[in-house]
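Below: one structure, written as structure tokens.
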Amino acid sequence: MGTDLRAYQASLRKAVSLSGIGVHTGAEVSITLHPAEPNTGVVFRRILDDGSKVDLPAVVSQVGATDLCTMLGDPAGVHVSTIEHIMAAFSALGLDNVIVEIDASEVPIMDGSARIFIAAIEEAGIEHHLVKRRYIRVKKTVRVEHGGSWAEFRPHEGTRYEIVIDFESKAIGRQEFRDEIDGDVFCAELADARTFGFMKDVERLWASGHALGSSLGNSVVIGDDHTIVNCEGLRYADEFVRHKTLDAVGDLALAGANFIGCFSSYRGGHRLNAIALRALLADPAAYEIVETPVPHAIVYAGDLVAVTGQVYAPWAV
């Protein structure tokens, strides 16, 4: 039968605010999550210095860069970067419609995981609309390769991730995460996994204007001797692959609708995730849009039926 799925769209019950610093910019930033109407999707509303506002829909067609993080908008103009952790939280908890007001160019890193975003959403509460949720069901395998890395979508009755990473560092090595992902699994197995980096890369990143807000309070740092610098150590023995899976959940949320299928990757990252998602959505034969045929709050993947006629498709590439 597959993973249980929510049949109706959802938003927040009330607004909730957070503040922190950008891991790359080092700048202080405040965000407020607002409830939104059905079919709004996730929209990042950038508040500029002059008080004007620019909306950036959270869909893959709006991705402007994937270096070290996922960015929406114009890298040389108005943009919002490092959206992947909060997008993963939205996707995992089934939030379809939300306006994210943000007063700087980067989502705050918080503790480097998705846990604080999950807590904020739970504080605000979730409210379901009487409007059917639509899913993207994978109908055939779509595979992309880049150098020694690859990623693919393939048909599956549920939402499954199979992520493999392979680093030279002995602190990481080869790690795998394979599981069906729903809100409960995400919160228990992935939400606490933090972003990570190598001490040897710090000066290069600083010189390029990245990691200016990185610290041991928001990142797992691997020393030149392949040991974990953070005094508290790891939250999971395989925290690195769990964080890569968290990133993939957030990046693939830019489909504009949750997908039904299996996503697999080997040595992937933000760039490969975006390439794979674009490849899927660029092939109309590779997927179909489905929804529940009957008014039940919870349905299973096998119960959903294809939507006929014109489809509202914010995910189109």
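Read-outs: derived from the displayed coordinates by stated rules, not from any lab. This is a predicted model, so every value here is computed, not measured. Virtual Cβ from ideal backbone geometry, glycine too; neighbours counted across all protein chains shown.
With θ taken as phi - 60° and the coefficients 6.51, -1.76 and 1.60, list the Karplus ³J(HN,Hα) couplings across segment 7-16 in order, rounded to whole Hz; mark glycine and proline as x.
8, 10, 5, 9, 9, 7, 6, 8, 6, 8
Estimate the FRET efficiency between Arg204 and Val294 by the formula 1/(1 + (r/R0)^6), using the beta-carbon distance for r and 45 Å for R0, to the nearest 0.05.
Working: r = 56 Å, r/R0 = 1.23.
Working from the Cβ atoms, E equals 0.20.
For segment 2-45, compute Rh as the Kirkwood radius over C-alpha pairs and then the Stokes-Einstein diffusion coefficient at 37 °C and 0.692 mPa s; write the answer in µm²/s, rounded to an integer.
On the way: Rh = 13.1 Å.
The calculation lands on 250 µm²/s.
Count the lysine pairs in segment 134-280 that are 8 or more places apart or on different chains: how many have C-alpha atoms under 26 angstrom apart?
Values: Lys139/Lys244; Lys140/Lys244; Lys170/Lys200; Lys170/Lys244; Lys200/Lys244.
Lysine pairs, 8 or more places apart or on different chains, close enough: 5.
For Lys132, which lysines qualify as cross-link partners when the Cα separation must be under 22 Å and same-chain residues fewer than eight apart are set aside?
Qualifying lysines at Cα under 22 Å: Lys14.
Please give me, ordered by residue number, the GluC sites (Glu not before Pro) of segment 167-205 that lie in loop per DSSP and have at most 14 other Cβ atoms within 10 Å. Before the final figure, lay out the partial values.
Numbers: sites: Glu168, Glu176, Glu180, Glu189, Glu203; in loops: Glu168.
Taking segment 167-205 and a limit of 14 other Cβ atoms within 10 Å, the loop GluC sites (Glu not before Pro) found are Glu168.
Give, in whole angstrom and from largest to smallest, the semi-axes √(5λ) of the equivalent ellipsoid of segment 115-187, with λ running over the eigenvalues of the Cα gyration tensor.
Values: eigenvalues 178, 93, 21 Å².
Taking √(5λ) for each Cα gyration eigenvalue gives 30, 22, 10 Å.
Just check segment 66-156 against the gyration tensor rule for me: Cα atoms, a ≥ b ≥ c as the square roots of the eigenvalues, rounded for a/c under 1.5, and otherwise prolate or oblate depending on whether a/b exceeds b/c. Please list the in-between numbers first.
Values: a/c = 1.87, a/b = 1.13, b/c = 1.66.
Oblate.
In whole angstrom, how far apart do the alpha carbon centroids of segment 220-298 and segment 1-80 sit?
Here the two parts' Cα centres lie 17 Å apart.
List the chymotrypsin sites (Phe, Trp or Tyr not before Pro) in segment 180-276 that DSSP assigns to loop (not H, G, I, E or B) and whose Cβ has at most 16 other Cβ atoms within 10 Å. Which are they?
In loop regions of segment 180-276 (DSSP not H, G, I, E or B), the sparsely surrounded chymotrypsin sites (Phe, Trp or Tyr not before Pro) are Tyr236.
What does the highest-first list of 140-147, 53-60 look like by mean Cβ count within 10 Å? Walk me through the intermediate numbers first.
Details: 140-147: 14.5, 53-60: 18.2.
For the peptides 140-147, 53-60, the packing ranking is 53-60, 140-147.
Would you calculate, for the chain, the mean residue ellipticity at 222 nm contributed by helices, counting each DSSP H stretch of 4 or more residues as -39,500 (n - 2.57) and dividing by all residues, to the nearest 500?
After summing the helix terms and dividing by the residues of the chain, the value is -5000 deg cm²/dmol.
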